1. With the cut-off at 26 Å, tell me which of the pairs LYS23/LYS84; LYS17/LYS84; LYS123/LYS154; LYS17/LYS48; LYS23/LYS154; LYS94/LYS123 have Cα atoms farther apart than that.
2. Could you tell me what percent of the DSSP beta bridges with both partners in region 1-137 are antiparallel, to the nearest 5?
3. In nm, to one decimal, how far is the modelled label at ARG81 from the one at LYS154, with both set 7 Å along Cα→Cβ?
4. Ranked by Cβ crowding within 10 angstrom, fewest neighbours first, how are TYR16, TYR41 ordered?
5. P(r) for region 85-128, please, calculated from all Cα pair distances in 10 Å bins and given in %.
6. Per-residue counts of other Cβ atoms within 10 Å, averaged by peptide: what ranking do you get for 144-150, 76-82, highest first?
7. Got the relative contact order for the chain handy, in percent, Cα pairs under 8 Å and 6 or more residues apart?
8. Is it possible to state the helix-based mean residue ellipticity at 222 nm for the chain, with each DSSP H run of 4+ residues giving -39500 (n - 2.57), the sum divided by total residues, to the nearest 500 deg cm²/dmol? What is it?
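Quick note: the coordinates plus some simple rules give every number you see, no bench work behind them. As the structure is a prediction and not an experimental result, all values here were calculated from the model. Cβ coordinates were reconstructed from backbone atoms using ideal geometry, including for glycine residues, and neighbour counts include every protein chain displayed.
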Amino acid sequence: QRPRKLMARAQTYSAYKAANTLKFLTVIAPNGHLMYVSDVYGGRASDKQIVRTCGVEDFLQRGDEIMADRGFALEAHLEARGIKLNVPAFTRGKPQLSETEVTKTRRIASVRIHVERAINRIKTYRIFKSALPIASRKTINDMVFVCAGLCNLKAPLIAHQNDAV
């Protein structure tokens, strides 16, 4: 449901989706299991804000590599901690990608499919199929966490480990 209070409405409005939304950050293991699910944030929250406040950085170690979308603006922040950020290349200011960039982008895209599949497993639970009532705002984090745990009890997303990235 759309929040009645203006502040809550502003915090949950996503210009990208043109609706009031909620979102969360996930960490997916190479086998497709959900290893971490953040609390839920309003649709207006940036990826940068979520990463810096959700606590996921406490689990990242020097030498780790993470994958994200193009708009993920934390490369310098993560690099300073010794964490490599893998994002698809884009042609900004160039007529086309180099062969190396094309290969890297394809590898990232092949893994990204599994990330999307893992996230969609959470979204397929009936409880998330329609707009949530405002009254559920106090339990939404628990609902997402439980559904993520149930997803890990399903058959593996990926039959064998793949070192694509």
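1. On the way: LYS23/LYS84 24 Å; LYS17/LYS84 29 Å; LYS123/LYS154 14 Å; LYS17/LYS48 18 Å; LYS23/LYS154 23 Å; LYS94/LYS123 37 Å.
Long pairs (Cα-Cα over 26 Å): LYS17/LYS84; LYS94/LYS123.
2. Values: 7 of 10 bridges.
Among the beta bridges of region 1-137, antiparallel pairing accounts for roughly 70 percent.
3. About 2.9 nm separates the two model spin labels.
4. Values: TYR16 9, TYR41 20.
Lowest count first: TYR16, TYR41.
5. Cα pair-distance distribution for region 85-128, in percent: 25, 35, 23, 14, 3.
6. Numbers: 144-150: 16.9, 76-82: 11.9.
Result, highest mean Cβ count within 10 Å first: 144-150, 76-82.
7. Values: 192 pairs, mean separation 40.7, N = 165.
Across the chain, relative contact order equals 25 percent.
8. Values: 5 runs with 59 residues, N = 165.
Roughly -11000 deg cm²/dmol at 222 nm, from the helical runs in the chain.
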